[in-house]
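The values are calculated or read from the model by the stated rules, or taken from the named source; none is laboratory data. Computed from a prediction, not measured in an experiment: that's the story for all the values here. Here the Cβ positions follow ideal geometry from the backbone for every residue, glycine too, while neighbour counts run over all protein chains shown. Note: accessible area is taken over every heavy atom of the protein model, side chains too, but ligands, DNA and RNA are not part of it. Shrake-Rupley method; radii C 1.70, N 1.55, O 1.52, S 1.80 Å.
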Amino acid sequence: MRVSRFLLATLKETPSDAEIISHKLMLRAGMIRKLAAGLYTWLPLGLRVLHKVENIVREEMDNAGAQEVLMPTVQPAELWQESGRWDKYGHELLRFEDRHAREFCLGPTHEEIITHLIRHDIRSYKQLPANFYQIQTKFRDEIRPRFGIMRSREFLMKDAYSFHLDQSSLQKTYDLMFETYSKIFKRLGLKFRAVLADTGNIGGNGSHEFHVLADSGEDAIAYSTTGDYAANVEMAQALAPNGERPQATAPMTVVETPNQHTIDEISQFLKVKPSQCVKTLLVKGKNGLVALVLRGDHTLNAIKTAKYPDISSPLTFADPEEIRELVGCEIGSIGPVNLNVPILVDHGAAHLADFICGANKEGQHLSGVNWGRDLPESQSVDLRNVETGDPSPDGNGVLGIARGIEVGHIFQLGKTYSQAMQALVLDEQGHSVILTMGCYGIGVSRIVAAAIEQNHDKSGIIWPQNIAPFTIALLPMNMHKSQRVREVAEDLYNTLQAMDIEVLFDDRKERPGVMFANAELIGIPHRLVIGERGLDKGEIEYKGRRDQSAQSVPMDNVVEFIKERLEMNAL
RNA sequence: CGGGGUGUGGCGCAGUCUGGUAGCGCAUUCGACUGGGGGUCGAAAGGCCGGAAGUUCAAAUCUUCUCACCCCGACCA
C-alpha cells in the first residue's frame, strides 16, 4: 500500500475526550473516529487490524470444528419473552417497534436466536454435539460507554453456542474451547491468563474468563504465585484463617469516640490496628436488612456476598433512613452487639478476639468484644475480597493480584435456555431430552484496544506481528530528489508485495521525521529506510519497532534478512 | 439514573466574569527555502460561537428552556 493512496489520518494532538492510552493512540493513529457516544467508525488502518484479529479467531474456531453462521442484529421480542429475559435484561437492551408496532430489540447476545434455530433444525442425538459461532456486531446500551472501543455500545464479538445431549459432552466441548481460546490469544501475540469467573446474569454453572494482562485493566485477577489457581477477584475464595481463635482477655467496655466513624479514624483514635476492628455493613435482604461483619482492613466482595440466599441480588446497601430507624445511629457507629437483624460474619472477623466495633450509638464504640461471650457465636462465611499474600484456595502457595482486561468468556450454560425455550432432541431410546448448552464469547474489537494497552511506548503503538495493519514500513528518504533512492524503493516494494508481505510504502513528499513519527505511531513492527547515505555503502537500514537502534543490511541480502525476521517473530 | 463539567473553523484551546468589528496553535491549499526525527518564511481558504426563546441600540458573552458530549458511581466481551 502506498501512503499517498491511503487514508493515514494521524493526529499530533489527542482529542480531549480520550482517557486511556489505547483510546488516545487509536484516535491519534487514525484507526477509529467517534460518531456518537459509544459508536465508532473504523478507518482503513483500524479495520485492517480488526480483520486480522477476526481471521485468527475464525481460523481457530474452524479448526476446533465449530461452524460459522450469521444471525440478525435485530431480534423479535417474542423470543426474549420466551426466555424470560425481555423483562430481566433492563435498559441495556435497546428496544424499539417496527411500522406494525411489533416489538424488537438490538441483539446484545444471541442465546435466544440460536436456541430458536436449533430447536427447529436439530432433532436427533446423531446431530450432536454441535457448535455454532458467528462474528457479528452486538449492541448494548451501556449506561456509560467509555474508553473508546474498549467499552463501546456497538462492538464486534465472536459468540459461539454449543449443544449437547448431556453434561459430559458439554464438558468435552468446553475443554476444547478453553484450549482453542488459549491458542487464539497465543497467536494474537498477547500476554493473557485464564481465570475462574462468575457467571453473571447469563446463568449456568462452570465459567472461565480470559484476560489480557495490562496495568490499566478494569478487572483484578487473583492467582497462585506457585500453582495453577487463577480467578477473578470477584470469585476468588478467601480461606478461613488457620488455627484456633485467641482467647478473650479483655472485658467488653464502652469507649467514647466522638465524631469518629471510619475504620481509619477509629483505629487512629484508639491507637489500634484496623485489623483489630470490625466493620458492620447493613444490606438489603430478602426479608428486611441483614448485617455483614468484616475485619476492618478487609473489603466487602459484593458478588460473593450476593450469592447467600438471604441477601438481595444484586447487593444493595441499606438506606441511611432505614439504618437510623433500625439502629438509631449513623453508618459509622454500627456494631453487631445486640443488633436485632440476621448477621453474616466473615471468616476473618470471626477469628478475632478482643475486637473493637460500633456501639450502635453515636460517638461510642465497644472494645474488648468477644464472640460467644458478648454476642452469639455464629457460623462464619466468605464475604471479603482476597488480598495479595492470602493463601491460595487450592492449598498451593499464596495469591498475587494482577490487572486484566476481559476479552473472552466461556460458560457452561446447562439447560437455562433450552428448558425455557423447549429445545429438545430424541436420544437413542427415542426419548425427548432437553439440550445442554455452552456459550463462548470473544470481544473481537476489544482485543484491538487491549493489544494496545499491553503494547505501546512513548512514540505510539507496537503491534504484535500477527495483527499489525502492515508488516513493514518502507521509508525512502527524499525520494523526490534521488532517482537512485526511488528506484531501489520501488523495486523493493514490488519484490516484497510479490512475496505477500504487507508493506506500507511512504511515497509522500514528506520530511524523514514525519515518516518516522508516523510509522512508529501506527506501530508497524518492521521498518526499512532507504537513503542516499546507505546506498553509497550498498546498504539498507532496518529497525524493529522495539529495537533500541537501527542496523545496516547489505542491499543484496535485504529480502532474505526480512524473511528471517518475519519467521522469527511469527509463531 | 445520581453527582460534577464542557460545547467557539477538521483537531487542541483563548475570548464569557465586566455585552461593542471572532482570535491563537496544529492540520489543510499555494509559493519559496529546507531535506535522516512531526522544519522555516510568506500567502490563502475555512466559524451565523450546540439549538430555541428572551433582555438590550447592540449578545459567543446576560436570562430561561433544550440538545449533545465528557468525567466519577452500579453493568459487561
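Quick notes on this one:
- Complete set of residues in the stretch A:445-472 that are within 10 Å of RNA strand B (Cβ to nearest atom) and either surrounded by fewer than 24 Cβ atoms within 10 Å (Cβ to Cβ) or of a type in the set (G, A, S) (or both): A:S445, A:A449, A:A450, A:K458, A:S459, A:G460
- Residue count for the stretch A:430-444 satisfying the condition of being of a type in the set (A, V, I, L, M, F, W, C), outside any helix (DSSP H, G or I) and within 13 Å of RNA strand B (Cβ to nearest atom): 2.
- Count of the stretch A:312-327 residues, restricted to those that are closer than 25 Å to A:Q364 by Cβ and either within 13 Å of RNA strand B (Cβ to nearest atom) or open to solvent by 50 Å² or more (accessible area, probe 1.4 Å) (or both), is 8.
- Enumeration of residues in the stretch A:169-187 that are within 13 Å of RNA strand B (Cβ to nearest atom) and either of a type in the set (D, E, K, R) or in contact with a helix residue (DSSP H, G or I) (Cβ under 6 Å, 6 or more places away or on another chain) (or both): A:I184
- Listed by first and then second residue, the pairs with beta-carbon distance under 8 Å, at least 6 apart or on different chains, first residue in the stretch A:366-392 and closer than 21 Å to A:L281 by Cβ, second among the hydroxyl-bearing types (S, T, Y) and part of a loop (DSSP other than H, G, I, E, B), are A:W371/A:S378; A:V381/A:Y308; A:R384/A:T299; A:N385/A:T299.
- Of all the listed residues (A:D297, A:D264, A:D228), the sole one being more than 31 Å from the chain's Cα centre (by Cα) and either within 29 Å of A:I401 (Cβ to Cβ) or assigned to a loop (DSSP other than H, G, I, E, B) (or both) is A:D264.
- Within the stretch A:140-150, the set of residues being open to solvent by 20 Å² or more (accessible area, probe 1.4 Å) and of a type in the set (A, V, I, L, M, F, W, C) comprises A:I143, A:F147.
- Of all residues in the stretch A:273-311, those satisfying the criterion of being more than 12 Å from RNA strand B (Cβ to nearest atom) and of a type in the set (G, A, S) are A:S275, A:G285, A:G288, A:A291, A:G296.
- Test result for A:E256, open to solvent by 30 Å² or more (accessible area, probe 1.4 Å) and closer than 26 Å to A:A450 by Cα: no
- Looking across the stretch A:196-219 at every residue that is open to solvent by 20 Å² or more (accessible area, probe 1.4 Å) and hydrophobic (A, V, I, L, M, F, W, C), the one that is modelled with the lowest pLDDT is identified as A:I202.
- Given (1) touching a residue at least 60 places away in the same chain (Cβ under 8 Å); (2) within 13 Å of RNA strand B (Cβ to nearest atom); (3) open to solvent by 50 Å² or more (accessible area, probe 1.4 Å); (4) under 20 Å from A:R5 (Cβ atoms), index of the condition A:R546 fails: (4)
- Subset of the stretch A:418-444 [open to solvent by 10 Å² or more (accessible area, probe 1.4 Å), of a type outside the set (A, V, I, L, M) and farther than 30 Å from A:W42 by Cβ]: A:Q419, A:Q422, A:D427, A:E428, A:Q429, A:G430, A:H431, A:S432
- All of (1) more than 22 Å from A:A238 (Cα to Cα); (2) at pLDDT 90 or above; (3) open to solvent by 10 Å² or more (accessible area, probe 1.4 Å) hold for A:E362 with one exception: (2).
- Listed here are the strands (runs of 3 or more DSSP E) enclosed by the stretch A:319-414 that have at least 3 residues being small (G, A, S): A:399-414.
- Of all residues in the stretch A:151-168 being closer than 19 Å to A:L117 by Cβ and among the hydroxyl-bearing types (S, T, Y), the one that is farthest from RNA strand B (Cβ to nearest atom): A:S162
- Enumeration of residues in the stretch A:159-195 that are farther than 29 Å from A:P72 by Cα and either assigned to a loop (DSSP other than H, G, I, E, B) or among the hydrophobic types (A, V, I, L, M, F, W, C) (or both): A:G189, A:L190, A:K191, A:F192, A:A194, A:V195
- Taking the criterion of being of a type in the set (K, R) and either at pLDDT 95 or above or open to solvent by less than 20 Å² (accessible area, probe 1.4 Å) (or both), the residues of the stretch A:151-190 that qualify are A:K158, A:K172, A:K183, A:K186, A:R187.
- Against the numbered list (1) hydrophobic (A, V, I, L, M, F, W, C); (2) at pLDDT 95 or above; (3) within 16 Å of RNA strand B (Cβ to nearest atom); (4) touching a Ser or Thr at 6+ places or on another chain (Cβ under 7 Å), A:L35 comes up short only at (2).
- Residues in the stretch A:415-429 that are in contact with a helix residue (DSSP H, G or I) (Cβ under 8 Å, 6 or more places away or on another chain) and in a loop (DSSP other than H, G, I, E, B): 5 in all.
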